Amino acid sequence: MRIALCQINPTVGDLEGNAGLILEFARRAAAGGADLAVFPELALTGYPPRDLLEKASFRERSVAALEQLAASAAGLSCGLVVGYVGVAPEGSRRPAANSAALIENGRVVFTQSKMLLPTYDVFDEGRYFQPAASQSVCGFRGLRLGITICEDAWNDKQFWERPLYDRDPVESLVRQGAEVILSINGSPYDMTKRALRRQMFSAMAHRHQRPHVYVNMVGGNDQLIFDGSSFVAAADGRVAAAAPSFREDIIFFDVRSGQGDLRETHADELEAAYDALVLGTRDYIRKCGFRSVLVGLSGGIDSSLVAAIATDAIGPDHVTGVSMPGPFSSDHSLTDARALAQNLGIRFEVIPITPAYRTVLETLAPVFRGAPPDVTEENIQSRLRGLVLMALSNKWGSLVLTTGNKSEIAMGYCTLYGDMAGGLSVISDVPKTMVYRLSRLVNTRRPGTIPENVFVKPPSAELRPNQKDSDSLPEYEILDPILKAYIEELKSPAEIAAELRQPLELVRSIINTVDRNEYKRQQAAPGLKVTTKAFGMGRRYPIAQRFSE
């Protein structure tokens with residue numbers, strides 16, 4: 001048996017386009033001598049379809065698309081395993097099923113629905129899907145296959161100290177005589193996932209003494225990035241076949257020999273995170289129908305990194321950097337921004353905001369009379385920059401990429417309707433210290449792209465004379481570990497203070513600041529997830545609440 005792992009990039013809701021992509025890869029699999037081509041979870045509909053699943057028309061068209069796909073694949077020499085949205089049995093509490101179909105000779109010959117439905121972090125499958133009551137082994141060309149869908153394979157009691165579910169579908173299929181486990185997945189990327197998956201599947205394959213085939217989708221869908229990284233764990237636990245991360249590919253595995261294609265992939269997780277951001281940015285732009293983007297270039301490290309990511313994502317001809325010097329902007333802000341744009345080869349525009357700022361102050365002077373200048377005047381500058389970028393967006397049809405990092409967004413060190421204005425927050429899940437590391441990576445790949453002065457000057461919003469980030473925030477080397485411990489690891493102030501050897505009052509102050517700024521984050525542009533816990537769909541905190549750490 002020769003199995004093709006088809007790592008594809010579907011678009012949510014594009015049933016016709018996704019079916020065409022599946023057929024294209026299935027033909028390539030057949031041409032490569034495959035007996036079976038295996039595709040990711042919900043490959044036909046895209047993942048996650050979210051509330052599209054509540055539409056009866058969406059569910060019905062998914063089933064119809066599957067039937068049409070089967071008919072179109074009638075002439076192929078290989079079978080297909082394809083994820084799709086099925087209709088739950090009559091009388092079920094939920095109308096949809098997260099299903100996999102085995103297609104052969106133009107017909108659907110076997111279906112299996114997902115049993116374990118995750119309802120944590122970014123997952124909300126219990127909201128939509130009816131879980132399968134049981135699982136069955138299916139025969140295919142003399143081999144007994146066990147088909148699992150993503151979470152179904154993530155409950156091995158030997159691997160996890162505290163399994164989340166009572167049932168273990170993989171163990172059940174092995175007991176039923178499955179000779180090969182096929183796991184189709186829509187598993188989003190974070191910086192821990194690639195290594196974790198291999199460890200888990202290798203342990204299961206070795207314990208059950210049979211190969212485990214892991215096929216994952218690739219691409220960006222809204223806030224989630226899917227890295228692909230498909231592989232086969234052979235019966236002895238070794239990785240016998242492996243696909244690259246962050247791009248479509250097809251690899252082959254021979255069940256009899258236990259050998260397969262081994263493609264090169266990222267050894268360094270920082271490099272992987274950068275390419276994840278590039279992929280997520282490219283797909284968000286492309287799948288939302290945009291062709292070009294705008295980046296406000298301040299001459300700082302954050303906007304420099306976002307501009308570099310955007311350029312790698314869609315090419316320099318489709319990126320415009322806009323410098324908007326104000327009354328407190330330093331000379332190097334403009335010169336560093338211009339140098340970056342030249343190094344990247346992107347279009348560069350300079351639009352000063354000082355005249356507009358003075359006009360706004362004159363307009364507000366009668367009602368501001370007697371009130372000393374404060375953060376209000378600072379925010380006016382930021383909001384004027386947001387206004388300029390959104391005006392260009394409207395005029396040119398370009399998507400504005402916001403440039404705030406995770407540290408700033410966590411602390412509310414950002415301006416609603418100002419620097420937060422835009423369509424995609426590219427680095428909102430990247431802590432400031434990691435921004436510097438990723439920017440050094442950019443210069444390693446393309447030496448001299450980001451001017452050295454950008455790295456060495458103190459970070460500043462430049463909204464008042466001699467302003468520095470450290471005037472309002474702890475040093476980022478202190479702040480970022482505290483934020484990680486609180487946001488990603490859910491530790492208490494006392495635990496954080498003890499582990500990081502920081503004053504308890506400082507930790508409490510930081511945590512309370514994070515909590516107070518939830519209202520800002522819920523009005524922010526969607527951001528790309530690369531850590532274990534990102535702001536957005538996987539972190540759901542109330543705004544109007546009085547619990548305090």
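Only the coordinates and a few stated rules stand behind these numbers; no lab work does. Keep in mind it's a predicted model, so treat the numbers as computed, not measured. In this analysis, Cβ positions are derived from the backbone assuming ideal geometry, glycine residues included, and neighbour counts consider all displayed protein chains.
Side notes on the structure shown:
- Residue 292 long-range amide H proximity, modeled H, under 5 Å: 399
- Per the Kirkwood formula applied to alpha carbons, the range 2-262 shows a radius of gyration over Rh ratio, Rg over Rh, of 0.92.
- Helix 193-208 axis versus longest C-alpha principal axis of the chain: approximately 20°, rounded to the nearest ten.
- Å³ per residue enclosed by the Cα convex hull of the range 129-179: 91
- Three-way shape label, the range 1-121, alpha-carbon gyration tensor, a/c 1.5: prolate
- Extension gain, residue 335 back to residue 236 (0.36 nm per residue minus Cα-Cα distance, nm): 29.8 nm
- Quotient of C-alpha Rg and 2.2 N^0.38 Å, computed over the range 195-329: 1.39
- Here the extension length gained between residue 71 and residue 267 equals 66.4 nm, from 0.36 nm per residue of separation less the Cα-Cα distance.
- Note: relative contact order over the range 200-300, using C-alpha pairs below 8 Å and six or more positions apart, is 23 percent.
- In units of the rule-of-thumb radius 2.2 N^0.38 Å, the range 407-493 shows an alpha carbon radius of gyration of 1.20.
- The stretch between residue 379 and residue 203 holds 58.0 nm of extra length on full extension. This uses 0.36 nm per residue minus the Cα-Cα distance.
- The orientation-averaged projection of the convex hull spanning the C-alpha atoms of the range 54-184 amounts to 8.8 square nanometres.
- Listed peptides 74-86, 138-150 by packing density, highest first (mean Cβ within 10 Å): 74-86, 138-150
- Per-residue Karplus couplings for the range 236-253, computed as 6.51 cos²θ - 1.76 cosθ + 1.60 with θ equal to phi - 60°, are listed in order as 8, x, 6, 7, 9, 8, 8, 9, x, 9, 6, 8, 5, 6, 9, 10, 10, 9 Hz, Gly and Pro entered as x.
- Computed from point charges on the beta carbon alone (+1 for Lys and Arg, -1 for Asp and Glu), the dipole magnitude for the range 219-366 about its Cα centre is near 460 Debye.
- Charge dipole (Cα centre; +1 on Lys/Arg Cβ, -1 on Asp/Glu Cβ; no other charges) of the range 474-516 amounts to roughly 140 debye.
- Put simply, the convex hull of the Cα atoms in the range 271-410 casts, on average, a shadow of 9.8 nm².
- Ignoring lysines fewer than eight residues from residue 520 along the same chain, the ones with Cα atoms less than 25 angstrom from its Cα are 406, 432, 468, 484, 491, 529, 533.
- Across the range 167-180, rounded Karplus estimates of 3J(HN,Hα) from the backbone phi angles (6.51 cos²θ - 1.76 cosθ + 1.60, θ = phi - 60°) give 9, 10, x, 5, 4, 4, 5, 5, 4, 7, x, 4, 8, 9 Hz, Gly and Pro being marked x.
- For the range 8-50, radius of gyration divided by Kirkwood radius, i.e. Rg to Rh on alpha-carbons: 1.02
- Inter-probe distance in nm under a simple model that places probes 7 Å from Cα toward Cβ, at residue 127 and residue 363: 3.9
- Unit Cα scatterers, Debye sum, the chain: log10 I(q)/I(0) for q = 0.07, 0.08 Å⁻¹: -0.45, -0.58
- Inter-centroid distance (Cα atoms) of the range 322-377 relative to the range 486-549, Å: 31
- Residue 160/residue 464 FRET efficiency (R0 60 Å; Cβ-Cβ; nearest 0.05): 0.70
- Think of the range 396-525 as a dipole: +1 on every Lys or Arg Cβ, -1 on every Asp or Glu Cβ, centred on the Cα centre; then among 494, 476, 512, 476 lies furthest on the positive end.
- Amide H to amide H distances under 5 Å link residue 148 with 182, 183, 184, where only residues 5 or more positions off or on other chains count and H is placed in the peptide plane.
- Per-residue HN-Hα couplings for the range 25-42 [Karplus 6.51, -1.76, 1.60; θ = phi - 60°; Hz; x = Gly/Pro]: 6, 5, 5, 5, 5, 5, 5, x, x, 6, 7, 9, 10, 10, 10, x, 4, 6
- FRET efficiency for the residue 31 to residue 492 pair, using the beta carbon distance and R₀ = 60 Å, is estimated at 0.55.
- Between helix 375-396 and the chain: long-axis angle, C-alpha atoms, 0 to 90°, nearest 10: 50
- Label sites at residue 417 and residue 11, each approximated as a point 7 angstrom past Cα along Cα to Cβ, lie 3.4 nm apart.
- Percentage of interatomic Cα-Cα distances in the range 474-516 larger than 18 Å: 9
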